[in-house]
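Have a look at the structure below before the remarks.
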Amino acid sequence: MEEIFAFREKLEDWVERMLLKGIRKFESADLATLARLEASAREYGMDFLAELIARLAEAGGHYMRDAKAGVELLTERYLYMVQYVNMMKKPLSQAVAD
Amino acid sequence: MADFKSDFQRWIGLCNEEYLIKYANKGLYNRACKEIEKGVTVSYEFMDDHVRCALSDDSVCLLYGDIERFSCSCPSDKICKHVILAIVAYATQHQPAAGMGDAGDEPAVFKPDFGWLLQLHPSDFLQAFTAAQIEEVLFRLEYGEALEVAETSFLTVTLQLQQVEVSFDQEADLSRAMCSCKAKGNCIHKLECLLRYRLVHEIDDREALQADITDVSYDAEVAAEARALLAEVLGIGLAKLPETVCTRFELLAIAAHNGNLPALEKDLRGIKGELGLFFQRHVKFSQDVLLDRLARVYLGLAALEKSERPELKKQLLGSFKSKYHTVPHLTLYALGANPWETRSGYKGVTYYFFSLADKRIYTYTEARPVYYEGTSFTYATSYKSKAPWGGLVTMEELSHSQVSLTSAKTNREQRLSSSDETKLVVLPRENIEELDLGETLCRDLAERMGEGAGVLFEQATEHVFLLPTKSVLQVFYEAATQQLIITVEAHDGESIPLVIPYQGEFDKTIRYLENNKRLLELRDVYWLVQVRGDELYPISMLQGKSLTSLKLDL
């Protein structure tokens, strides 16, 4: 349970860091972070989340090749992940409290 | 001509006493009958499309086989004694002839056919009634009404609670229907009777009408601009965002208001407020809240662009201030009152009622803004003030009673309005244990805790229900969290904590509850509780006919 909690914190950290620095500053370091997050998600059997992260990373890669065309897709996929992270918070906090 | 004659005779069959009185009046009908008794006779001459009726008193009238088309040599421009006389005399002369086998003659006893009422299409209603009328009637259909249908020469539908009756003619024409409210044109009762009559015959027009009157047009340019602005904020990042962005959000919020995007207007202001807190480095600023809002609004706009179904669009667009509609009759059982204060500077008391007919909770709220200097609002004075709806009782008395309201106005969230038209009658109060509380009574707490979170893209609604309990296990004040915790035992033995957060204003109440041993002696009490997040806040306790609102009665 603690590992998942730590994983969730890592996800939140990355999401919040992006909010501060801006999606347009997406860089190769972010790609590496996302790859690690995706691997952890797969490890915990969170396949849907892993899929979301993979698609976000894919959009990130696309954006780094063509900034103009890719920003909209990147924003949308980033927000899908934001919503998933928000959704995770509630049941997890309840489970931890129990 | 043979056609006209048989049409005419069919029509005469319809013209019985009730029919003629409805179209003319009783006095005219009686006078016409008296004239016949006195010996006035009529001779009939059939033309292509009318009958020339020559009366023995020298007046002449023409009949066209339709009660609304006639002419008479007398000066009256409305239906007159002579016309009625001509009709009645023809009917009496020809009735015995019916069944004699006169070739081509229809029998004079004719059963009218009202099938057209069931064959109408929802689009016919849209032409005959305004969108506002349809909206109001759709709202009223959610409430029960005692319906009486009588078929004579007319099909008369009576709404007994409202004491209104509407008579439909056999002619397929809504404008010929007559309503006892005597309003000109197509009144709301006609539509209500019609829809209720069709519902009885298992024709449900509600969905089709709702879809037709729902206005889902919006300014797509504003929506696109808002999405672009959100993308820009996310793209630049908070660290480098200029403060002028707040003005852009405000301007867009105004544009959203004019572009029929109420939900977007509210959200843009919310984001602006949150960004304002960020720029002030305010302690209340939360990245979580901001990010959640940005995601919800951005993806909501994307969904709006893609959605086709009007009901989905409606949900995404949101609605401006909700409309209040009149409900003929409500019987309300008071459940208690709850004082509250918001961060945005409003104070008020919300009163909760259980409606016996539709088994839902209704609320009435009295609230004042207190952010202006010099505005004073105290819960106690508000609680002791006169209730609306006739002012017979105080709010305090109202919150402990059982009342009947006629012509109450309420909206889709079951909030009651203080309308002057509403009349209140106090009824003897029943025992809470004897009421059928329906879904208002909590049977499965776990299930209840999950409710009220709101549909995707919609704001969460306030969620209140009645919790039956066996006893009170423990009452203690938790200093760390500054809240009073009342642990109650449910009927299945589960212990449930009810929480009252400390507020200076209710210091005495909280102390009283903490130290009062009698609370622990309570058995089989119903608690009115409000769900907020994971916690249950008690509002009042009910047992038998008695009720105690925790923050106002102790």
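For residue B:183, state whether it is in the same structural domain as residue B:129 (by TED's automatic domain parsing) and not in a helix (DSSP H, G or I).
Here the answer is yes, as residue B:183 does meet what is asked.
Need the failing condition index for residue A:94 against (1) within 13 Å of chain B (Cβ to nearest Cβ); (2) modelled with pLDDT under 90; (3) in contact with a Phe, Trp or Tyr (Cβ under 7 Å, 6 or more places away or on another chain), just the number.
(3)
It is to be established whether one or more residues within the range B:241-252 are in contact with a Ser or Thr (Cβ under 6 Å, 6 or more places away or on another chain), part of a helix (DSSP H, G or I), within 30 Å of residue A:70 (Cβ to Cβ) and within 14 Å of chain A (Cβ to nearest Cβ).
The answer is no, given that none of the residues of the range B:241-252 is in contact with a Ser or Thr (Cβ under 6 Å, 6 or more places away or on another chain), part of a helix (DSSP H, G or I), within 30 Å of residue A:70 (Cβ to Cβ) and within 14 Å of chain A (Cβ to nearest Cβ).
Please specify each residue of the range B:154-193 satisfying the condition of being under 24 Å from the mean Cα position of the chain (by Cα), of a type in the set (Asp, Glu) and closer than 21 Å to residue B:127 by Cα.
Answer for the range B:154-193, where residues must be under 24 Å from the mean Cα position of the chain (by Cα), of a type in the set (Asp, Glu) and closer than 21 Å to residue B:127 by Cα: just B:192.
Could you list all residues from the range A:1-58 that are aromatic (Phe, Trp, Tyr) and closer than 19 Å to residue A:76 by Cβ?
A:14, A:26, A:48
Per-residue answers, yes or no, for (1) in contact with a strand residue (DSSP E or B) (Cβ under 8 Å, 6 or more places away or on another chain); (2) assigned to a helix (DSSP H, G or I); (3) under 28 Å from residue B:14 (Cβ atoms):
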site	(1), (2), (3)
B:125	no, yes, yes
B:143	yes, no, no
B:149	yes, no, yes
B:153	no, no, yes
B:167	yes, no, yes
B:172	no, no, yes
B:193	yes, yes, yes
B:199	no, yes, yes
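Which ranges mark the strands (runs of 3 or more DSSP E) fully within the range B:17-95 that have 1 or more residues being under 45 Å from the mean Cα position of the chain (by Cα)?
Filter on the range B:17-95 gives B:60-66, B:69-72.
Which one is surrounded by the most Cβ atoms within 10 Å (Cβ to Cβ) among residues in the range B:182-199 that are closer than 9 Å to residue B:157 by Cβ and of a type in the set (A, V, I, L, M, F, W, C)?
B:193
What number goes with the only condition from (1) farther than 20 Å from residue B:171 by Cα; (2) of a type in the set (Asp, Glu); (3) in contact (Cβ under 8 Å) with a residue 40 or more places away in the chain that residue B:68 does not pass?
Residue B:68 satisfies every listed condition except (1).
Considering only the range B:329-417, give the strands (runs of 3 or more DSSP E) lying wholly within it that have at least 3 residues that are hydrophobic (A, V, I, L, M, F, W, C).
B:346-355, B:402-410
What number of residues within the range B:194-229 are of a type outside the set (Lys, Arg), within 37 Å of the chain's Cα centre (by Cα) and within 14 Å of another protein chain (Cβ to nearest Cβ)?
2
The values are calculated or read from the model by the stated rules, or taken from the named source; none is laboratory data. Nothing here was measured: the structure is a model prediction, and the numbers come from that model. In this analysis, Cβ positions are derived from the backbone assuming ideal geometry, glycine residues included, and neighbour counts consider all displayed protein chains.
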